[in-house]
Amino acid sequence: MDQPADEAVEDGCFVALTTDSLNAQDVINKVRSPEAGAIVLFAGTTRDNFGGKPVKELQYSAYGKLALRTMMAISKTIREKHSLKGIAMVHRLGVVPIGEESILIAVSAPHRQAAWRAGEEALEECKSRVEVWKREEFEGEEGVWRANRDGLKGVKVTDSVAETAAPNEEP
């Protein structure tokens with residue numbers, strides 16, 4: 001049976017992009033193994049402020065097929081490096097309201113140290129490499145697109161450069 005175009009499963013690695021709300025237990029279950037003594041879950045949530053400004057919501061867009069390939073490459077590398085039993089990475093697209101998750105990453109390993117390290121490394125690699133863009137919507141201001149990176153201020157994207165700065169799903 002073929003996998004849906006918005007997810008991929010290979011060698012103990014599960015990656016997905018979805019517009020649905022994320023479910024932590026479902027992601028944990030993707031990595032559960034009788035050989036694992038530790039499961040670590042990271043849940044990235046939309047907070048109500050950024051840089052001292054009130055956030056209304058976040059919107060995520062991705063170059064889907066490429067983002068999935070990058071997520072899978074990251075997952076395979078980290079699974080091998082840390083001898084994981086499983087790794088799952090799910091990113092939400094579209095509007096993500098305050099207090100809801102935009103990303104869930106779960107890893108399972110025989111021991112906790114490897115799981116902690118792998119979980120953090122997976123998140124950092126995902127944020128630096130995966131083809132996902134974020135539009136920050138602030139109360140009373142026009143939103144701004146930015147790369148999905150920590151601590152970097154967004155820049156206003158004009159209509160003439162919007163397609164290259166924050167591409168939507170490919171046709």
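The values are calculated or read from the model by the stated rules, or taken from the named source; none is laboratory data. Worth saying up front: this structure is predicted, and the values here are computed from it rather than measured. Don't worry about glycine lacking a Cβ; one is built from the backbone with ideal geometry, like all the others, and counts go over all protein chains shown.
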For the stretch 103-132, what are the residues that are surrounded by fewer than 21 Cβ atoms within 10 Å (Cβ to Cβ) and within 17 Å of Asp6 (Cβ to Cβ)? Glu131
Can you confirm whether the stretch 101-113 contains a residue that is over 17 Å from Asp20 (Cβ atoms), in a helix (DSSP H, G or I) and out of contact with any Ser or Thr (no Cβ under 7 Å at 6 or more places or on another chain)? yes
Taking into account only those residues within the stretch 84-121 that are in contact with a Cys (Cβ under 8 Å, 6 or more places away or on another chain) and of a type in the set (A, V, I, L, M), which is farthest from Val40 (Cα to Cα)? Ile103
Can you tell me which residues in the stretch 70-95 are in contact (Cβ under 8 Å) with a residue 60 or more places away in the chain, surrounded by fewer than 22 Cβ atoms within 10 Å (Cβ to Cβ) and not in a loop (DSSP other than H, G, I, E, B)? Thr70, Met72, Lys76, Gly94
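Given the structure, is Ala88 touching a strand residue (DSSP E or B) at 6+ places or on another chain (Cβ under 9 Å), modelled with pLDDT of 95 or more and farther than 19 Å from Ala109 by Cβ?
Details: touching a strand residue (DSSP E or B) at 6+ places or on another chain (Cβ under 9 Å): yes; modelled with pLDDT of 95 or more: yes; farther than 19 Å from Ala109 by Cβ: no.
When the stated conditions are applied, Ala88 does not pass them.
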Scan the stretch 40-69 for residues that are crowded, with 20+ Cβ neighbours inside 10 Å and out of contact with any helix residue (DSSP H, G or I) (no Cβ under 8 Å at 6 or more places or on another chain) and jot them down. Thr46, Leu58, Tyr60, Ala62, Ala67, Leu68
Of the residues in the stretch 51-64, those that are of a type in the set (Gly, Ala, Ser) and part of a loop (DSSP other than H, G, I, E, B) number 2
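Which of the following residues is under 17 Å from the mean Cα position of the chain (by Cα), closer than 14 Å to Gly12 by Cα and among the hydrophobic types (A, V, I, L, M, F, W, C): Val107, Val132, Val96?
Working: Val132 fails: closer than 14 Å to Gly12 by Cα; Val96 fails: closer than 14 Å to Gly12 by Cα.
The unique qualifying residue is Val107.
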